[in-house]
Structure formats: C-alpha cells, structure tokens
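Chemist: Would you mind keeping the following structure in view while I ask a few things?
The values are calculated or read from the model by the stated rules, or taken from the named source; none is laboratory data. None of the values given here were measured: they were computed from a predicted structure. Neighbour counts are summed over all protein chains in view; Cβ atoms, including those assigned to glycine, are modelled from backbone coordinates with ideal geometry. Ligands, DNA and RNA are excluded from the accessible area calculation, which covers all protein heavy atoms including side chains. Shrake-Rupley method; radii C 1.70, N 1.55, O 1.52, S 1.80 Å.
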Amino acid sequence: MPGVEQFTERKETSSGFEIYLRDQPILLKGVVTKGFGRGGKMLGCPTANIPVDPYLELLSEIPGGIYFGWAALPDCDAAPKGDICKMVMSIGWNPYFENKRKSIEPHLIKTLPDFYDVELRLVVGGFIRLEQNFESLQLLVDAIQNDIKVASEALRLDEMSSLQAHDYLKFSNV
C-alpha cells in the first residue's frame, strides 16, 4: 500500500482484516479542542481532536488515513482516576467533508462524557487504511464502524496490547 513504508509489518487480525504495524510507535499529545462538531452528532463516533501545529512535519511525512493505538487521559471529570483506552484515529483531510487542512481526530473506543481542555496522550502503533472519499454519508459511517472493529481486534495482538503499558501514556496519577 503506497505511503505506509514507515509501517514495516503487515499482519492480519483474527477476522482477516489487513493492518500495518510500526517498529516504533508515533507519540502524540495535545489539549483536546472542539472539532467540527460532526463526530458524535453526524457520524456516531465522537472524536477528541488535538492541535496539528506541533505535528506539521510529521503530518507531511505520513499518509492521510486511519490509525490505531492507545490513548491516555489524566485525572479529570471524564476519567476521575485517569484512564488508558483503545483508540482509532483519522489523520488527514477528511475528503468527504472537503477539509482545507489536515486534522488529528482520535476516537476513544470507550463511552466517556465530553472532555475538552484536557491533555490527551496517544501511542500510535498501527495503520488500517488510506483515507478515501465516500459516495454517501452512510458509506462513511459504515467504514468508520468497520475501522473501530478492526482497531479493537488489532489492539488485542500481543505486539499492540503491550503498547498499553508505554511510559508515554503514564501521567503521575495513571
């Protein structure tokens, strides 16, 4: 798959989904900001957007697409004792919505109340697919639901589940 050279190992999940893994994870963090207001309302997939400016160089080097890994929240209203959970993330232009600039939009695979102005840390270990445009909103929603399923399965692989203990995800209270 073009553009995923940084992901050196191709694997299949137990359901036969093809994924790509990295030798070294991508580490991202940022204070969660309000996004476009589409994730939870329109797509049924709330996202915890983080600023892109600290990662402009990285974003120029990796393809727009769907990634997966682990997310950590500190002690906050949404996670009173801190939390580490699975995540799937869109990095890119979101062609269906014709964004003018790349965005980083992780979806935590766990039901949490909204949280803004909280630092989110991400350890990205794998890649699912390149971003693409869809002919309808329903096809996009279906693809997102499939991405969540693929990420959940992929994060059960030994090499991915071990990233849950990555030092980068540790806040003093997690």
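Chemist: How big is the charge dipole of the stretch 43-124 about its Cα centre, in debye rounded to the nearest 20, if each Lys and Arg gets +1 on its Cβ and each Asp and Glu gets -1 on its Cβ?
Modeler: 260
Chemist: State which stretch of the chain is the longest one without any exposed trypsin sites (Lys or Arg not before Pro), exposure meaning a DSSP loop state and at most 12 other Cβ atoms within 10 Å.
Modeler: So the longest stretch without any such site is 102-155.
Chemist: Kirkwood Rh and Cα-based Rg: tell me the resulting Rg over Rh for the stretch 70-116, rounded to two decimals.
Modeler: 1.08
Chemist: Can you list which of the chymotrypsin sites (Phe, Trp or Tyr not before Pro) found in the stretch 1-100 are DSSP loop residues with at most 16 other C-beta atoms within 10 Å?
Modeler: F36, W93
Chemist: Determine, from the Cβ-Cβ distance of L112 and E12 and an R0 of 35 Å, the FRET efficiency 1/(1 + (r/R0)^6), rounded to the nearest 0.05.
Modeler: Approximately 0.70, to the nearest 0.05.
Chemist: Further question on the same structure: With the Cα gyration tensor of the stretch 18-157 in hand, convert its eigenvalues to equivalent ellipsoid semi-axes via √(5λ) and list them largest first in whole Å.
Modeler: The answer is 21, 17, 16 Å, longest axis first.
Chemist: Here is a further query. Can you tell me the accessible area per residue over the chain, all protein chains present, probe 1.4 angstrom, in square angstrom?
Modeler: On a per-residue basis, 51 Å².
Chemist: Tell me, what HN-Hα J-couplings in whole Hz come from the Karplus equation 6.51 cos²θ - 1.76 cosθ + 1.60 at θ = phi - 60° for each residue of the stretch 124-140, using x for Gly and Pro?
Modeler: Karplus values, whole Hz, x for Gly and Pro: 9, x, x, 10, 9, 7, 6, 5, 8, 8, 10, 6, 8, 4, 5, 5, 5.
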